[in-house]
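Presented below is the structure to which this report refers.
The values are calculated or read from the model by the stated rules, or taken from the named source; none is laboratory data. Nothing here was measured: the structure is a model prediction, and the numbers come from that model. Note: ideal-geometry Cβ built from the backbone for every residue, glycine included; neighbour counts use all protein chains shown. The protein model used for the area step is the full one, side chains on, heavy atoms only, and it has no ligands, DNA or RNA in it. Shrake-Rupley method; radii C 1.70, N 1.55, O 1.52, S 1.80 Å.
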Amino acid sequence: MIRIGAWLLGALLMTQAAQADMQPLDRIVAVVNDGVIMDSELDARVNDIAAQFRADNRPLPPLEVMREQVLDRMILERVQLQMAERGGIRVDDAALNQALEGIARQNNMTLPQFSERLRGEGYDWSQFREQIRNEMVISRLQQRSVASRIRVTDREVERFLQSETGKRMFQADFHLGHILVKVPGGASPDQVRAAKQKADDLVGRLRGGADFAETAVAESDGPEALEGGDLGWREAAQWPSLFADAAIDMQKGEISEPLRSGAGFHILKMIDRRGGGERLVTQYKVRHVLVRPDTLTTEEQARQEIDRLHDQVASGELTFAQAAERSSDDPGSARAGGELGWVAPGEMVPEFEQMMQETPKGQLSPTFQTQFGWHFLQVEDVRETDMSDRYRDLQARQALQKRRFDEELQTWLQEQRAEAYVDIRLNPDS
């Protein structure tokens, strides 16, 4: 079975729409601003998710519950894609192919092999490509709209590391389950009380032995409800502070009290926890070449130039150092033949870090794009080192940024959903 990152789980589930038989009469199930979602689209998505449930031997929730939750997810996706289109956010074929090649490498395949395997498992390749493109567009929108507003100062990092909470949070990783009982914006006191009562009742049922994943699928308003509320593993310090403060003393299997936030009431389950003591960090001795688009160089011209330089280095026409010294737009590293020195996780932007980790030592990476332009890199050496004070500071900053991003993202998504014009027509008579 193909191994694909968790962030692509929804994408895989959404690519078999072409296989669903067309209904004789299609109808609109939701109007989202100036767009629509058709019943056939919703049915295809629900059928794909139901197939995943069966493959995982999980009991199916009631069909009405699945349709409501899936439609809500599709509405939020559609709102974000519309915002991205208005904002001019695009993912071109070169960037898309780069992402797909990364997925293929994670599965120890070439891109043609990966494509053939997906087709063999019944997926429509063209629709899969477009869904990955949509995921990338939404990610870029969120980075532009949310991450760009988050700033963590040196003083905040210092205070966090000196605090008892900060010291403890670097000693554990949490695997959390999550159920959200939503409270709408501007809710009345009666609505808040009703939501709190529902959350209390759910906690009682869970502590009485109810299955957490089944309860999340049936009852949660959270975006990961259909995955059984599973939020995966994360360092304790990287969870939103509301979750981290509650979970720091929870034991495996424990259910939290309802936790109030602007989104509603949250219920956590400590699925598992691990860690403690010092950690070894993998560092990479890496060098790169950068070609940056500017007022005189278009995106396409930059991509063509990085491809030309890559081919010259790969063929031996130029050494890596010569390519960097003559043509790299990163002046600091260009003077040193592209050398960046020893790099630890978290020091580079995600696209660079992922390529650095995936490229075998001594080999040339493919060309790839980040927010700074087009690159290729080479990993000269890899080593394990004890967690240093510098790395600890970096991890603290990254953790604070991550938790603030997650908190701000949920608020931002609620705001966008509330501001959009949405007319839901699940009832055929509506």
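Among the trypsin sites (Lys or Arg not before Pro) in the range 150-231, those placed in a DSSP loop whose Cβ has at most 12 other Cβ atoms within 10 Å are 151. Could you tell me the calculated FRET efficiency between residue 326 and residue 349, based on Cβ-Cβ distance and R0 = 30 angstrom, to the nearest 0.05? Efficiency, rounded to the nearest 0.05: 0.80. Coupling constants for the range 361-376 follow from the phi torsions by the Karplus curve (6.51 cos²θ - 1.76 cosθ + 1.60, θ = phi - 60°), and in residue order they are 4, x, 9, 8, 6, x, 6, 8, 10, 10, 5, 8, x, 9, 10, 9 Hz; glycine and proline get x.
Placing R0 at 22 angstrom, the Cβ-Cβ distance between residue 314 and residue 382 gives a FRET efficiency of 0.55 after rounding to 0.05.
Exceedance of the 19 Å cut-off in Cα-Cα distance is limited, within the set 196/402; 285/361; 361/402, to 196/402; 361/402.
Shape class of the chain from the Cα gyration tensor (axes a ≥ b ≥ c, square roots of the eigenvalues): oblate, since a/c reaches 1.5 or more and a/b does not exceed b/c.
A 1.4 Å probe run over the protein chains yields, for the range 210-335, 47 Å² of accessible area per residue, whole-number rounding. Modelled this way, with points 7 Å down the Cα-to-C-beta line, the labels at residue 188 and residue 124 are 4.5 nm from one another.
Each other residue within a Cβ distance under 12 Å of residue 309 adds +1 if Lys or Arg and -1 if Asp or Glu, for a net charge of -3. With a cut-off of 20 Å on the backbone N, the residues of the range 297-323 near the modelled label site 7 Å out from residue 97 along Cα-Cβ are 298-315.
For the range 22-68, the solvent-accessible area of protein heavy atoms averages 56 Å² per residue (probe radius 1.4 Å; ligands and nucleic acids excluded).
Per residue, the solvent-accessible area of the range 73-203 (1.4 Å probe, heavy atoms of protein chains only, all protein chains present) comes to 49 Å².
The stretch between residue 107 and residue 261 holds 51.5 nm of extra length on full extension. This uses 0.36 nm per residue minus the Cα-Cα distance.
Peptides 112-124, 61-73, ordered by how many other C-beta atoms sit within 10 Å of their residues on average, highest first, read 61-73, 112-124.
How much of the accessible area of the chain, probe 1.4 Å, is carbon plus sulfur, in whole percent? Here carbon and sulfur together make up 48 percent of the probe-accessible area.
One chain, two ends: residue 85 and residue 34. Fully extended at 0.36 nm per residue, the span grows by 17.1 nm beyond their Cα-Cα distance.
Considering only 341, 229, 323, whose Cα is most displaced toward the positive end of the charge dipole of the chain, charges sitting on Cβ of Lys, Arg (+1) and Asp, Glu (-1)? Highest projection toward the positive end goes to 341.
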